[in-house]
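Asks: The structure under discussion is supplied below as C-alpha cells; questions concerning it will follow.
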Amino acid sequence: NAGVTQTPKFQVLKTGQSMTLQCAQDMNHEYMSWYRQDPGMGLRLIHYSVGAGITDQGEVPNGYNVSRSTTEDFPLRLLSAAPSQTSVYFCASSYTQSGGYNEQFFGPGTRLTVL
Amino acid sequence: AQKVTQAQTEISVVEKEDVTLDCVYETRDTTYYLFWYKQPPSGELVFLIRRNSFDEQNEISGRYSWNFQKSTSSFNFTITASQVVDSAVYFCALSVPGSGNTGKLIFGQGTTLQVKP
C-alpha cells in the first residue's frame, strides 16, 4: 500500500492564481481531511469528508474548496491564492468506525508559498 | 468548545536525560480520544499513541510512557533516556465523536524537542 499520497511536494504561486492540491489514499478509508500547519499554531482542520459525495467545513475553510467524487481522492482547491495561505498542507485519512477512535494516517505534506 | 494546550514551545535536553512533554485538553464531552503524534525534521506525521477517555491506565512503550489524568485534564508524554533521534516536534491532539461518527482532530500548538549529544 502506498498509504496517503500528496502532490505536489512544493509549490510557489503568485497572489490570485488558482491550483489544486492532490490527495489520494489506497486504504479504502471513508474519512479524509485536509489540515494546514502554521508555526506556533499546530495543525488546523480545513475541510473533511466522511465518504464520497459528502464534505463539510472544518475550522479554517475560507479560501478553499473540496469535493469527493471517489473514495480514494480528496483534492483541495485554492481558487484565488493569497499570501495568508502560505503554509504546509497535510491530507489525512482514517476509518470512520468508532467515532474518532481510529488513528489518522497523514500524507507527506505539500509546502505552499504564495508570493 | 474543545481545545488542546501544549504550553512548552521548545525544550532542549542533553542525551540520556528524561523529558516530559505536557498536554492539557478541554472538552465537555465524556467520550473522547487523545493522541500523540511525532513530526521529525523530515516533516511527516507519525502516530505514537491513542487513549480513550474511559481508560486512565498509563502506558509504556520502550522509552516512551504516557500519563493520562482526567482529574487534571492532562495527557503527558515522557521520554526516558532521550536520544538524538527523539529530536522532533510533538503534537498532542483531541478527537471528539461528532455527527457522522467522525472524529475531527484538534491539535495543540506542538512542542519542539531538541536532544543534544
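Asks: Among the residues that make up segment A:26-38, is at least one of them closer than 21 Å to B:Ser42 by Cα and either free of Cβ contacts under 8 Å to residues at least 12 places away in the same chain or among the aromatic types (Phe, Trp, Tyr) (or both)?
Replies: Yes, that holds for at least one residue.
Asks: Please specify each residue of segment A:1-59 satisfying the condition of being touching a helix residue (DSSP H, G or I) at 6+ places or on another chain (Cβ under 7 Å) and within 11 Å of chain B (Cβ to nearest Cβ).
Replies: Matches in segment A:1-59: A:Val50 only.
Asks: Checking A:Leu21 against (1) touching a residue at least 60 places away in the same chain (Cβ under 8 Å); (2) surrounded by fewer than 14 Cβ atoms within 10 Å (Cβ to Cβ); (3) hydrophobic (A, V, I, L, M, F, W, C), which test does it fail?
Replies: (2)
Asks: Looking at the structure I just gave you, is A:Glu103 within 15 Å of B:Leu45 (Cα to Cα), modelled with pLDDT under 95, within 9 Å of chain B (Cβ to nearest Cβ) and surrounded by fewer than 20 Cβ atoms within 10 Å (Cβ to Cβ)?
Replies: So A:Glu103 passes the test.
Asks: Every residue in segment A:24-40 that is touching a Cys at 6+ places or on another chain (Cβ under 7 Å) and surrounded by fewer than 20 Cβ atoms within 10 Å (Cβ to Cβ), please.
Replies: none
Asks: Moving on to the next point. Name the strands (runs of 3 or more DSSP E) wholly within chain B that hold at least 2 residues that are facing another protein chain (nearest Cβ under 8 Å)?
Replies: By residue number, B:33-39, B:46-52, B:88-97, B:103-107.
The values are calculated or read from the model by the stated rules, or taken from the named source; none is laboratory data. All of these numbers come straight from a predicted model, not from anything done at the bench. FYI the Cβ positions are ideal-geometry reconstructions off the backbone, even for glycines, and counts take in every protein chain you see.
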